[in-house]
Amino acid sequence: MNIFRKLLFTSTVSSILLASAVAQAQTSADLVQDSLDSGDRPSADAADDARRMPLEVLAFAGIEEGMTILEMEAGGGYYTEIMSRAVGANGNIIMQNPPAFDGFNGEAVQARLADNRLSNVNFTRVNFDELEAPNGSVDMVTWILGPHELWFEPGGQNLGDPEDTFSEIARVLKPGGVFLAIDHDAQADAGTAVGGTLHRIYEGVVSDLAEGAGLSLVRSSNLHSNENDSLDIGVFDPAIQGKTDKFALLYRK
């Protein structure tokens, strides 16, 4: 192959890959938008969309129909509902919460899953370092506003060892599977104790743990950034609640 044909070939391949990436992003966005537009979606969820930005978050992650997704710290299931519809009947959602969060979530999970209304969702009550999924079985792990909980001990209960937790994330992911991490950012010199006090964690701590478990950063996003957040006050402080500066990172196994 002469140099001109080689350049043309390289350019063509690059164009195809770019077009494929764009098409995937559009497909992901369409799947999420259809989920958001579902007629029987709880109205309280819809009222929270502007703050949570689920369309942008899940399009960034590259959600696809048919995926198996392990949703860490699912809480009451706001994202569970959206992802359940997006992955469709051929997909599955593993909805995980630690047992120590039963009191925080109340009856929200039971109400969300009542009458088998989200038939592709399985709920698990385990700590973060004991994920209930076979090796290499998951296409995507999401942990939205949660990694800081590794340094939070409600009632003196540890929720999981940090390194073991990220090893578990890597274990359950298929080769090529992705891990989405979003959390309230903290100052670089804050230390990990702020995870249990301010409910924040420095982005670099999560990066070190992910990379230490063998995951590679694919992309990051500033969709939840707020330069007016000082990063040193608690996330429930009325001055910043709902408006914290957050990092969004996507890793691949």
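Among all residue pairs at least 6 apart or on different chains, which show Cβ distances below 7 Å where the first residue, located in segment 175-189, is at positive phi and the second is assigned to a strand (DSSP E or B)?
Cβ pairs passing all conditions: 176/252.
Output the residues belonging to segment 26-72 that are hydroxyl-bearing (Ser, Thr, Tyr), assigned to a helix (DSSP H, G or I) and open to solvent by less than 30 Å² (accessible area, probe 1.4 Å).
28, 35 - these are the residues of segment 26-72 that are hydroxyl-bearing (Ser, Thr, Tyr), assigned to a helix (DSSP H, G or I) and open to solvent by less than 30 Å² (accessible area, probe 1.4 Å).
Which condition does residue 127 not pass, out of (1) without any contact (Cβ under 8 Å) to a residue 60 or more places away in the chain; (2) within 20 Å of residue 206 (Cβ to Cβ); (3) touching a strand residue (DSSP E or B) at 6+ places or on another chain (Cβ under 7 Å); (4) among the polar types (S, T, N, Q), if it passes all the others?
Unmet condition: (3).
Looking at 122, 158, which one is of a type outside the set (D, E, K, R), open to solvent by 40 Å² or more (accessible area, probe 1.4 Å) and farther than 26 Å from residue 197 by Cα? Even if it seems obvious, please write down each step before you answer.
Values: 158 fails: farther than 26 Å from residue 197 by Cα.
Going through 122, 158 in turn, the sole match is 122.
Restricting segment 201-216 to residues that are in contact with a helix residue (DSSP H, G or I) (Cβ under 7 Å, 6 or more places away or on another chain) and not in a loop (DSSP other than H, G, I, E, B), which is nearest to residue 53 (Cα to Cα)?
Top of the filtered list is 206.
For residues that are in contact with a strand residue (DSSP E or B) (Cβ under 8 Å, 6 or more places away or on another chain) and either hydrophobic (A, V, I, L, M, F, W, C) or without any contact (Cβ under 8 Å) to a residue 12 or more places away in the chain (or both), tally how many sit in segment 130-161.
8
Picking from 75, 146, 91, which residue would you name as being in contact with a helix residue (DSSP H, G or I) (Cβ under 7 Å, 6 or more places away or on another chain), open to solvent by less than 50 Å² (accessible area, probe 1.4 Å) and modelled with pLDDT of 95 or more?
Selected residue: 75, the only one of 75, 146, 91 that is in contact with a helix residue (DSSP H, G or I) (Cβ under 7 Å, 6 or more places away or on another chain), open to solvent by less than 50 Å² (accessible area, probe 1.4 Å) and modelled with pLDDT of 95 or more.
The values are calculated or read from the model by the stated rules, or taken from the named source; none is laboratory data. What you see is a predicted model, and the numbers here were worked out from it, not measured in a lab. In this analysis, Cβ positions are derived from the backbone assuming ideal geometry, glycine residues included, and neighbour counts consider all displayed protein chains. For accessibility, only protein heavy atoms count, side chains too; no ligands or nucleic acids. Shrake-Rupley method; radii C 1.70, N 1.55, O 1.52, S 1.80 Å.
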